[in-house]
Structure formats: C-alpha cells, structure tokens
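**Student:** Pasting a structure here, questions to come.
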C-alpha cells in the first residue's frame, strides 16, 4: 500500500476525456522505478452516493520524499498548472492510513469498486475529529460483508507541489468491494444503518461530506 497519495480531481469535461488526459498527458511525465502506483477512478452506476467529478486519479508514493520529487518536477508542475482551469482540477496530498479487516491491514488495493468519501473543513478541532474518526468508524465499516479495503486519508501539505486549488478536506475515507452489487448488498444489511448512524457521534465539523461510487482501474505499479 502506498504511504502517501496525491489526488487529482477533474470537475470539467467527461469521464472519457478525463481518462484520455490522464493516459496521454499525465502518465508520460511520471518517472520510472520510483515505486509509484496510479489508479484512475470513474463514476459507477450505484443506488448509493452523490454525483461525482469527471474523473479522479490517485498517485501513490512509497514516501514523502518521492512525492516531493515527482510532484515538484518542472514537467509535472507545468502540466497540472496549465490544466487546472480547463479541467477544473483540484489537488490534494494525503497520508494514507490502512485500517484492519479481521485483524489484517491489506498491502494493496483489492476490488474494482471504490466508495470514495470525503469530509470537509471547518471543524471545531481537526486533530480530535481525525483521531476519533480513525478509531471508531472503520471498526464498523470492517463488519460489511465482502469489504476488501478500508483507508483513512489525512490531508497534509506537500512542499513544491503544483499551485492548483485544494479541496479543503478534513479527512478522506475509501472502502473497496469487488463490484457494485457486492457493495450494494453490504449496504442493505444491518451494518449500513449503523455506519450511517455513527456519523451523528462525530466531533463537530462542517457537516459537509461527499460519497462517490467509482470504478477503479490500476494504470501503473512500478
């Protein structure tokens, strides 16, 4: 599992156009032999969730130093800053925290379906919210039948990153399942309402969150 990720979210255009930009513009500027993982996320047709962006691409890094080197490279900075307005890009650097399922934290992402959840600032106490969320909520999520991954992503600052807008995240969550039917079946069990009810116990925050049902495609693992 990557230790850090840089999430690029494109709000303009279409999923097909977003994928084309990722494959033909972004991928060629990524270096080889740096331990990068690249995953493309496009909207899935599900009974659950909110309308999402045109695309999301998550660049996974083994450490902060690699992230600073890759994201601060002139070609990367120029590419993202030039595309920021046309594609309405947002860029967010996050520390990835793996959560256990049946006592095991997975080494890599597993399953094609991802429910990408993001909570937004402000919060009365950011550290308190992040600590409480990581300690309490994943324990409930781990009870979902068929769940493959649970991740908590903590926003951080990345030195030298491209100057594109951030998303103002408080914390990110991501759960993985084999496919859409597996995810929807799990939500129809008694665990679904318990996970939703747990939100009422969170420390005070903006009450703004998004839930995107998405299909993940691994584009790079090197």
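**Student:** Since residue 26 meets every condition but one in (1) more than 15 Å from residue 174 (Cβ to Cβ); (2) surrounded by fewer than 19 Cβ atoms within 10 Å (Cβ to Cβ), which condition does it not meet?
**Tutor:** Among (1) more than 15 Å from residue 174 (Cβ to Cβ); (2) surrounded by fewer than 19 Cβ atoms within 10 Å (Cβ to Cβ), residue 26 violates only (2).
**Student:** Six or more apart or on different chains, Cβ atoms under 9 Å: show the pairs whose first residue is in region 30-44 and at negative phi and surrounded by 19 or more Cβ atoms within 10 Å (Cβ to Cβ) and whose second is part of a strand (DSSP E or B) and modelled with pLDDT under 95.
**Tutor:** 36/220; 36/221; 37/220; 37/221; 38/220; 38/221; 39/220
**Student:** What about residue 155, is it within 28 Å of residue 77 (Cβ to Cβ), out of contact with any helix residue (DSSP H, G or I) (no Cβ under 7 Å at 6 or more places or on another chain) and either at pLDDT 95 or above or crowded, with 16+ Cβ neighbours inside 10 Å (or both)?
**Tutor:** yes
**Student:** Identify all residues within region 1-20 that are modelled with pLDDT of 95 or more and over 26 Å from residue 65 (Cα atoms); write none if there are none.
**Tutor:** Answer for region 1-20, where residues must be modelled with pLDDT of 95 or more and over 26 Å from residue 65 (Cα atoms): 11, 12, 14, 15, 16, 17, 18, 19, 20.
**Student:** Here is a check on your reading of the model: is residue 19 touching a strand residue (DSSP E or B) at 6+ places or on another chain (Cβ under 9 Å) and under 30 Å from residue 139 (Cα atoms)? It would help to see each step written out before you state the result.
**Tutor:** Values: touching a strand residue (DSSP E or B) at 6+ places or on another chain (Cβ under 9 Å): yes; under 30 Å from residue 139 (Cα atoms): no.
No, not satisfied.
**Student:** Could you tell me which numbered condition residue 46 fails, if it satisfies all but one of (1) farther than 25 Å from residue 211 by Cβ; (2) at pLDDT 95 or above; (3) part of a loop (DSSP other than H, G, I, E, B)?
**Tutor:** Of (1) farther than 25 Å from residue 211 by Cβ; (2) at pLDDT 95 or above; (3) part of a loop (DSSP other than H, G, I, E, B), only one is false for residue 46: (1).
**Student:** Could you say which residue among 123, 82 is modelled with pLDDT of 95 or more, over 19 Å from the mean Cα position of the chain (by Cα) and surrounded by 15 or more Cβ atoms within 10 Å (Cβ to Cβ)?
**Tutor:** 123
**Student:** Next up: Being in contact (Cβ under 8 Å) with a residue 24 or more places away in the chain, within 23 Å of residue 14 (Cα to Cα) and in a loop (DSSP other than H, G, I, E, B) is true for just one of 87, 59. Which residue is that?
**Tutor:** Residue meeting the stated conditions: 87.
**Student:** Among the residues of region 1-43 satisfying the criterion of being more than 19 Å from residue 116 (Cα to Cα) and in a loop (DSSP other than H, G, I, E, B), which is nearest to the chain's Cα centre (by Cα)?
**Tutor:** Taking the candidates together, the pick is 36.
The values are calculated or read from the model by the stated rules, or taken from the named source; none is laboratory data. Since the model is a prediction, treat every value here as computed from it, not as a measurement. Don't worry about glycine lacking a Cβ; one is built from the backbone with ideal geometry, like all the others, and counts go over all protein chains shown.
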